[in-house]
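Colleague: Below are the structure tokens for one structure; questions will follow.
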Amino acid sequence: MKIGVISGDGIGPEVVAEAKKVLDKCSEKFGFEIEYTDIYMGGCSIDKFGVPLTDEAIEAAKSSDAVLMGSIGGNTTTSPWYRLPADKRPEAGLLKIRKALNLFANLRPSVLYDELKDACPLRKDIADKGFDLIIVRELTGGLYFGKRHTGEENGIVTAVDTLTYSEEEIRRAAIKAFEIAKKRRKKVTSVDKANVLDSSRLWRKVTEEVAKAYPDVMLEHMLVDNAAMQLVKDPAQFDVVFTENMFGDILSDEAAEITGSIGMLSSASLNDTKFGLYEPSGGSAPDIAGKNIANPIATILSAAMMLRFTFDMDEAAKSIEDAVSKVLKEGYRTVDIMSEGCREVKTSEMGSLIADRI
Ligand code: IPM
Ligand code: MN
């Protein structure tokens, strides 16, 4: 397995080290070999090369079977990286690699673990029902990749961003959403703003066309403002939530928060091949970087997603997921998910505990 490793900034290197620990244990148990290649992206790349992502880094990612990523970016008010022009900042590296590798489908599962129900910020009767949903976010189109500029019109400074979607961009992402739904509870909620936006009306039309090929998957449409509300009111109603880039960005943070800890959530960014970029849903958390207290579980579960999606190793992936559940059942917690009667452990301990249970 050729795995590119973007440790990145902030807590990235700490959590990636733990995911590697767990992957290495899997390689022993399940008999495969891993070759890791370090790839610079984000702030660490700016410091070393002056840009957030070099062409060499893109090439290194392209020649890997999959990329495991920690997180990128720093404190946006204090870090010198944010005094650079927007296209030279850490986040520009992430957007660039998504585009360069054509990673158009971003999968963000959001699951409420039984053991962590106390950390769920929702009302108890809602939390008690539990939820297990996955957001499929279109990742290389829409507002984040449209033409933008800031200029003066008649002496007034005006900024423009454009939201464009082609039917092809919608279709290939919709197919991913339906393929995933087929293997889950067979329901797709397509989220849009079709009462206002042309791009959303096309989104709805193309999604309906794709749905015809999946007669046993139920499709419903939901407006994004309502979806934001439903996520906190009744998250159990969702299975696969399919949506465009910016709506998915926003809703996936909301979906993460209601699980009690963003430190638990994995994600995968996929293209048309088996390649994938796997990263925790959370950010670089510069305030706790270097303290060995970050939760490595999201990154470890992202490594499990990698084994499942890129390498078709369901058994090894499941062994990681089971090990995580076991460690939680045994009462081990990092500080972000700590509750009474549990035992608080550091980042590195959590990684070792999980690896030991593979
Ligand atoms: C995410 C992040 C990125 C995004 C930023 C860092 C560009 O918020 O992965 O959700 O908006 O896609
Ligand atoms: Mn985001």
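The values are calculated or read from the model by the stated rules, or taken from the named source; none is laboratory data. Because the structure is predicted, anything quoted here is derived from the model rather than measured. All Cβ positions, glycine included, derive from the backbone under ideal geometry; neighbour counts span all protein chains shown. Remember, those area values only see protein heavy atoms, side chains included, never the ligands or the DNA or RNA. Shrake-Rupley method; radii C 1.70, N 1.55, O 1.52, S 1.80 Å.
Colleague: Between residue 226 and residue 87, what is the spin-label point distance in nm, taking each point 7 Å from the Cα along the Cα→C-beta axis?
Modeller: Rounded to a tenth, the inter-label distance reads 4.0 nm.
Colleague: For the stretch 239-358, calculate the relative contact order in percent as a whole number, restricting contacts to Cα pairs under 8 Å that are 6 or more residues apart.
Modeller: This gives 22 percent for the stretch 239-358.
Colleague: If you roll a 1.4 Å probe over the stretch 1-112 with all protein chains in place, what percent of the accessible area is carbon or sulfur?
Modeller: Exposed carbon and sulfur together represent 51 percent of the surface.
Colleague: Still on this structure, please answer the following. Pick out which of 72, 58, 11 has the largest mean-square fluctuation in a Gaussian network model of the chain, springs linking Cα atoms closer than 10 Å.
Modeller: The residue that fluctuates most here is 58.
Colleague: If you don't mind, another one. Quick one: with all protein chains in place, what share of the accessible area of the stretch 188-289 is carbon or sulfur, to the nearest percent (1.4 Å probe)?
Modeller: 58 percent
Colleague: On to the next question. Which pairs, out of 212/274; 182/212; 25/318; 124/233; 2/25; 117/329, put more than 18 Å between their alpha-carbon atoms?
Modeller: The answer is 212/274.
Colleague: In addition: Over the stretch 107-239, calculate the relative contact order: mean separation of alpha carbon pairs under 8 Å at least 6 apart, over the residue count, as a percent.
Modeller: Value for the stretch 107-239: 25 percent.
Colleague: So which of 88/346; 29/346; 187/326 end up more than 31 Å apart by C-alpha?
Modeller: Among 88/346; 29/346; 187/326, the Cα-Cα distance tops 31 Å for 88/346.
Colleague: Moving on. Label points 7 Å out from Cα along the Cβ direction at residue 212 and residue 156: separation in nm?
Modeller: 4.6 nm
Colleague: Calculated FRET efficiency, residue 201 and residue 342, Cβ-Cβ r, R0 56 Å, to nearest 0.05?
Modeller: The computed FRET efficiency comes out at 0.70.
Colleague: Here's another thing I want to ask about it. What does the accessible area per residue of the stretch 1-150 come to in Å², with a 1.4 Å probe and no ligands, DNA or RNA counted?
Modeller: 45 Å²
Colleague: Treating the Cα atoms of the stretch 116-237 as identical point scatterers in vacuum, please give the log10 of the normalised Debye intensity I(q)/I(0) at q = 0.10, 0.11 Å⁻¹, two decimals.
Modeller: Computed log10 I(q)/I(0) values: -0.42, -0.50.
Colleague: For the chain, just list the percent of Cα-Cα distances falling in each 20 Å bin from zero outward, please.
Modeller: 29, 60, 11, 0
Colleague: Which whole-number percentage describes the relative contact order of the chain, with Cα contacts under 8 Å and a sequence gap of 6 or more?
Modeller: Contact order relative to length: 22 percent.
Colleague: Please give the FRET efficiency for residue 273 paired with residue 171, using the beta carbon to beta carbon distance and R0 = 25 Å, rounded to the nearest 0.05.
Modeller: In this case the efficiency is close to 0.90.
Colleague: A further question follows. How much accessible area per residue does the stretch 178-315 have, in Å², with a 1.4 Å probe?
Modeller: 39 Å²
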